[in-house]
Amino acid sequence: MAEKDVNQYNNLVRRRNTARRQYNACSDRIEECNYLLRRLRRAKERVAEQKRTFKTIKKEDSKIYKEKYDWEGKKYNSFKVKGEVAVDLNEDYYKNTLDYVLDSINNEITRIENKRMNEYGLLGRLGSTINSLGNKIENFFN
């Protein structure tokens, strides 16, 4: 085989091997995205469950402060107002905190899904490159 042919063959093999390494690295990045997405979705479900639990507890707490007890007067009115304020403050704090956490998780899930979609595009292009180079290498000997 002529030196020119050997160089051309080696170049094709080198390009295919480079494309394979890039393909494998891209596959690894996709798998990492899938792992992160699984963890984030579990976290999202846990936070959503906490939010549902909080809403249930808040309803129960609100009922307590709306009930009429046997005692009346200044102390009762003070207790009732403070209790309602405490329930409202708790609701604002926990609801806003849980909403912020859910929003952050949703944003991160979207970012990783978009990254994964971009990797799939690259993976397809690299797969095509590997396939074409493999064909050229095979045809090189025909």
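Odds and ends about this structure:
- Residue in segment 115-128 that is closer than 30 Å to Leu12 by Cβ, modelled with pLDDT of 70 or more and aromatic (Phe, Trp, Tyr) present: yes
- Scanning segment 110-142 for residues that are of a type in the set (Lys, Arg) and more than 15 Å from the chain's Cα centre (by Cα) turns up Arg125, Lys136.
- Qualifying position, being modelled with pLDDT of 95 or more, within 30 Å of Arg15 (Cα to Cα) and under 13 Å from the mean Cα position of the chain (by Cα), among Asn34, Asn107: Asn34
- When segment 105-142 is filtered for residues that are over 24 Å from Arg20 (Cα atoms), open to solvent by less than 50 Å² (accessible area, probe 1.4 Å) and free of Cβ contacts under 8 Å to residues at least 60 places away in the same chain, nothing remains.
- Within segment 9-23, considering residues that are open to solvent by less than 90 Å² (accessible area, probe 1.4 Å) and polar (S, T, N, Q), the one farthest from Glu119 (Cα to Cα): Asn10
The values are calculated or read from the model by the stated rules, or taken from the named source; none is laboratory data. Just so it is clear, the structure is predicted and the values come from calculations on it, not from any experiment. Cβ sites come from the backbone with ideal geometry, for glycine too, and all protein chains shown count toward neighbours. Ligands, DNA and RNA are excluded from the accessible area calculation, which covers all protein heavy atoms including side chains. Shrake-Rupley method; radii C 1.70, N 1.55, O 1.52, S 1.80 Å.
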